[in-house]
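Worksheet: the structure to be examined is printed underneath.
The values are calculated or read from the model by the stated rules, or taken from the named source; none is laboratory data. Quick caveat: nothing in here was measured; it's all calculated off a predicted structure. Cβ coordinates were reconstructed from backbone atoms using ideal geometry, including for glycine residues, and neighbour counts include every protein chain displayed. The protein model used for the area step is the full one, side chains on, heavy atoms only, and it has no ligands, DNA or RNA in it. Shrake-Rupley method; radii C 1.70, N 1.55, O 1.52, S 1.80 Å.
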Amino acid sequence: MASLRDIQNRINSTKKTKQITNAMQMVSASKLNKAEQNAKSFVPYSEKIQEVVASIANGGDVASHPMLQAREVKKTAYFVITSDRGLAGAYNSSILRAVYRDIQQRHQSKDEYVVIAVGRVGRDFFAKRNMPIAREITGLADQPNFADIKDLTSETVQMYIDEEIDELNIYYNHYVSAISQEVSTTKLLPLTNINPEGKQLSSYEYEPNQEEILEVLLPQYAESVLYGALLDGKASEHAARMTAMQSATDNANDLIDELSLSYNRARQAAITQEITEIVGGAAAQE
């Protein structure tokens, strides 16, 4: 049985851990509010550029851009968004489990795919397994700007245009609510289904012409989808970390209660033992 000092030391250390997890929970909650605003504010732009691109792409014979044309898939790219740090519950493991399972099911050779890793956790996961990493970026800010990831998104889209890859899939955690995030998988390239909901498209007049505008807009649209997924993933990361730290704080409270009960029982047993020894000693002297 642990001594009173050992139990008290465990109580003190658990209280210190609780202070840390509680502080991390509040920090993540603050970051989540900003990340959620960023993700929501980006949606109107994303929807509008999708509408314009869909209007041009479905407008007739101008849809000849390589990003709109499906071709034989010889190499697939997986754009995987994870975090740079842990302590976020199942945020990283759920994404990595999904993409690793799909890669194992779809490909027989490492020559058939490449990984584009966003986040240190994902990069280390694929590097440890000797999986081909074509591009990577780590150390992104908690509230990233488009400039932080522009080079990576541009290079990724250019890889498809240059036929280095024939298909691009995005894996990230979609933000549903503060307590719910779900793994989202999207095939971004080729853009064969750019208007999946069948919305009524607006009519536009283009200057100089549709084909030249499409040449500029399509890469921008693809890059905006990647950036939107990053914003969504960041909101999910902060929500997952906030929930994980809240659970850790609750578990610390439960452990403190159990240890306090054990401490009181041990203390009572020690007092009872001392009384018994005093009574026994007094009786022996009579």
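Data table
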item: Residue list for the stretch 228-286, filter: of a type in the set (S, T, Y) and under 16 Å from G89 (Cα atoms); result: S236, T243, S247, T249
item: Where a residue in the stretch 43-54 is touching a residue at least 12 places away in the same chain (Cβ under 8 Å) and its partner, wherever it lies, is surrounded by fewer than 16 Cβ atoms within 10 Å (Cβ to Cβ) and assigned to a helix (DSSP H, G or I), with Cβ under 9 Å and at least six apart; result: I49/Q220; V53/Q220
item: Residue within the stretch 218-225 that is in a helix (DSSP H, G or I) and under 16 Å from the mean Cα position of the chain (by Cα) present; result: yes
item: Conditions (1) open to solvent by 40 Å² or more (accessible area, probe 1.4 Å); (2) modelled with pLDDT of 80 or more; number of the one not met by P66; result: (2)
item: Residues of the stretch 235-286 that turn out to be over 30 Å from S83 (Cα atoms), open to solvent by 70 Å² or more (accessible area, probe 1.4 Å) and touching a helix residue (DSSP H, G or I) at 6+ places or on another chain (Cβ under 8 Å), as a count; result: 1
item: Flag if I213 is under 30 Å from Y45 (Cβ atoms) and not charged (D, E, K, R); result: yes
item: Single match in N58, N33, N9 (criterion: over 29 Å from the mean Cα position of the chain (by Cα), at pLDDT 80 or above and open to solvent by 60 Å² or more (accessible area, probe 1.4 Å)); result: N9
item: Qualifying positions in the stretch 160-176 - open to solvent by 10 Å² or more (accessible area, probe 1.4 Å) and farther than 30 Å from T243 by Cα; result: I161, D162, E163, E164, D166, E167
item: Counted residues, the stretch 83-97 - those being open to solvent by 10 Å² or more (accessible area, probe 1.4 Å) and at negative phi; result: 9
item: Check on A283, at pLDDT below 80, out of contact with any His (no Cβ under 6 Å at 6 or more places or on another chain) and among the small types (G, A, S); result: yes
item: Search result, residues across the stretch 114-136 that are under 18 Å from Y160 (Cβ atoms) and open to solvent by 10 Å² or more (accessible area, probe 1.4 Å); result: V114, P132, I133, A134, R135, E136
item: First in the stretch 260-286 and closer than 23 Å to R10 by Cα, second anywhere and surrounded by 10 or more Cβ atoms within 10 Å (Cβ to Cβ) and of a type in the set (S, T, N, Q), Cβ under 9 Å, 6 or more apart; result: Y263/Q8; A266/S3
